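Colleague: Could you have a look at this structure, given as structure tokens, before my questions?
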Amino acid sequence: MIGVLKALGVTFGTMLRKPVTIEYPTVHRPVPERDRAFPILLWDYEVDEPFCTGCHACERACPVECMTVTMKDNPKFAEGKSKRRKIVDQFFIDYGRCMRCNICVEVCNFDAIAMNNTWAGHELSTEDRKELVMDLEQLLAQHKTRDPGTRIKPWVPS
Ligand code: SF4
Ligand code: SF4
């Protein structure tokens, strides 16, 4: 009898204890300060075009060669609406190969690329690896849809 009462005491004590787990994915813990997710491209809202000029610096520096970039003449430059003579034409990053090293961000001279260090940058699980190859539209969409208050900022060297 005493044993049963002790067991019930443990049960009720546990019921009243604050849970240490959370209901992921409904609830998210804050992303740690030094967390690193995947790179995305940034949108220049002033000129209404990508910051990326398609210069290939990141593509050449990527240690795992998971980036592909092409450039084209910028039609807005010809119209006098942009200072960018060249602009990105196509951009692919294979998130399935990216090792999240941040090198592409560090070598970019145009502040055109940043790491999406948010839960949205992590929750990309899929059953097909092909879906992890992001094109220009997908890479820009992650910045364009973000509200200005929480918009991802260009990387600043410390
Ligand atoms: S974070 Fe590193 S591995 Fe990933 S695309 Fe950039 S340079 Fe390549
Ligand atoms: S992201 Fe930066 S380094 Fe990479 S191609 Fe665009 S402008 Fe060049």
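The values are calculated or read from the model by the stated rules, or taken from the named source; none is laboratory data. Quick caveat, the model's predicted, so the values are computed rather than measured. Methodologically, a virtual Cβ is constructed for each residue, glycine included, from the backbone with ideal geometry; neighbour enumeration extends over all protein chains shown. Note: areas computed on protein heavy atoms with side chains; ligands, DNA, RNA excluded. Shrake-Rupley method; radii C 1.70, N 1.55, O 1.52, S 1.80 Å.
Colleague: Checking I87 against (1) touching a helix residue (DSSP H, G or I) at 6+ places or on another chain (Cβ under 6 Å); (2) free of Cβ contacts under 8 Å to residues at least 40 places away in the same chain: exactly one of these is not met. Which one?
Modeller: Only one criterion is unmet by I87, namely (1).
Colleague: Restricting to the stretch 33-48, name every residue that is under 19 Å from the mean Cα position of the chain (by Cα) and either at pLDDT 90 or above or surrounded by 10 or more Cβ atoms within 10 Å (Cβ to Cβ) (or both). Walk me through it before giving the result.
Modeller: Taking the stretch 33-48 and keeping what is under 19 Å from the mean Cα position of the chain (by Cα), we get 33-45.
Within the stretch 33-48, D35, R36, A37, F38, P39, I40, L41, L42, W43, D44, Y45 qualify.
Colleague: Hey, among the residues in the stretch 78-109 that are in contact with a Ser or Thr (Cβ under 6 Å, 6 or more places away or on another chain) and open to solvent by 60 Å² or more (accessible area, probe 1.4 Å), which one's nearest to E65 (Cα to Cα)?
Modeller: Of everything passing the filter in the stretch 78-109, F92 is nearest to E65 (Cα to Cα).
Colleague: Continuing with this model, one more query. List pairs: first residue in the stretch 105-117 and in contact (Cβ under 8 Å) with a residue 24 or more places away in the chain, second residue outside any loop (DSSP other than H, G, I, E, B) and within 7 Å of ligand 2 (Cβ to nearest atom) anywhere in the structure, Cβ distance under 6 angstrom, at least six positions apart or on different chains.
Modeller: Cβ pairs passing all conditions: V105/I113; V107/A57; V107/C58; C108/C58; I113/L41; I113/C104.
Colleague: Could you list all residues from the stretch 110-126 that are of a type in the set (A, V, I, L, M) and surrounded by 19 or more Cβ atoms within 10 Å (Cβ to Cβ)? Explain how you work it out, then say what you get.
Modeller: From the stretch 110-126, those of a type in the set (A, V, I, L, M) are 112-115, 120, 124; that's our starting set.
Listed by number, the residues that qualify are A112, I113, A114, M115.
Colleague: Additional query: Does at least one position in the stretch 4-22 carry a residue that is under 30 Å from M99 (Cβ atoms) and surrounded by 10 or more Cβ atoms within 10 Å (Cβ to Cβ)? Give the steps one after another, and end with the answer.
Modeller: Keep residues of the stretch 4-22 that are under 30 Å from M99 (Cβ atoms), which gives 21-22.
Filter once more, so that each one left must be surrounded by 10 or more Cβ atoms within 10 Å (Cβ to Cβ): 22.
Yes; the residues of the stretch 4-22 include at least one that is under 30 Å from M99 (Cβ atoms) and surrounded by 10 or more Cβ atoms within 10 Å (Cβ to Cβ).
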